[in-house]
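Read through the structure below, which is laid out as structure tokens, and then see the notes.
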Amino acid sequence: MAARPVAVAAVTSPDRFLAMTRGLATPAQTPPRLDEDGLPVEDPIFAMPRTEDGKIDSKGLWRKVQLLAPQLAGAGLAVVGVYGVSKVIVSLTSTLLNVTLTQAVTIGFGGGILTAAGIAAGAYAVSGRFSIRPELVFRTAFHKLKNSQLVVDAIGAPVKAGALRAYTIQQGHMAFCADNSLKWVSPRVQMLFALEGSQHSAMVSLEAETVNGALNFTLLTVDVLGAKQNAPPLVVEGLQDRLEVRGQLRGFLQSERVRYIEQTKPSPEEVEVGIGSQHPRA
């Protein structure tokens, strides 16, 4: 008589109620199995769910598979991950233990070459952003003028470089502005060089700077020699408010401190016009 109340208590226990609400079992489908003491028997996690007549319960089996799928997938991934890491470690260890002296020297030499090449490429890129090359400025400006229809109409084709080339150069540096704020001053070149056309000669005045590694002309003008007096210059590129550069360069060339040479060869020789230190460049 004492076993019956226990069985009723097992059916209505909180654990059994939670299992029924999850859909794992219902009293009509899978009634609790009791042991000889009247206590419910818990199925092992991998036990095959069966009906009262001993047949496999397909619905119960599918529910169990759904419940176990995340755990099985996680366990499988963990096994695969452990296996992959162990294989990599074993392979790396075996490779390092079997490296010969010749292979070690070859690897070290190759690594040194790649490192040096990377450092050189980085230094070249940095140098291009923080410096300016006068010969590059001259070639770029001459190419622009040679292909400018405005210049060709003014002095006649073909357009050739003249004998004189002179420039001042200012490397990039930090400077304080009027409001005492620190500002980066881009490297710049101010240059004069002569042009020869079939009809007239001309003098080119330019100012160029390097901005983020790119060459930018703030002024590129051509004064045609022999043109009408007070004729305005031909502004090929740049800003009108930078025309003062023309006067600065010509006034500096006429000072006693400046020495320049006339070129008799077509090689790109320039005269470096500096402040306090002037010398021709070969």
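The values are calculated or read from the model by the stated rules, or taken from the named source; none is laboratory data. Please read these numbers as outputs of a predicted model, since none were measured by experiment. Quick reminder, even Gly has a Cβ in these numbers, built from the backbone with ideal geometry, and neighbours come from all protein chains shown.
Here Ser127 meets each of (1) in a helix (DSSP H, G or I); (2) modelled with pLDDT of 75 or more with one exception, condition (2).
Just one of the listed residues (Val159, Val126) is surrounded by 15 or more Cβ atoms within 10 Å (Cβ to Cβ) and either within 30 Å of the chain's Cα centre (by Cα) or closer than 30 Å to Ser201 by Cα (or both), and it is Val159.
Given the structure, is Leu219 in the same structural domain as Ala161 (by TED's automatic domain parsing) and more than 14 Å from Gly172 (Cα to Cα)? So Leu219 passes the test. Looking only at residues in segment 141-156 that are closer than 15 Å to Glu207 by Cβ and out of contact with any strand residue (DSSP E or B) (no Cβ under 6 Å at 6 or more places or on another chain), the one that is surrounded by the fewest Cβ atoms within 10 Å (Cβ to Cβ) is Lys144. Residues that are buried (at least 18 other Cβ atoms within 10 Å of the Cβ), among the hydroxyl-bearing types (Ser, Thr, Tyr) and at pLDDT 70 or above do not occur anywhere in segment 189-202.
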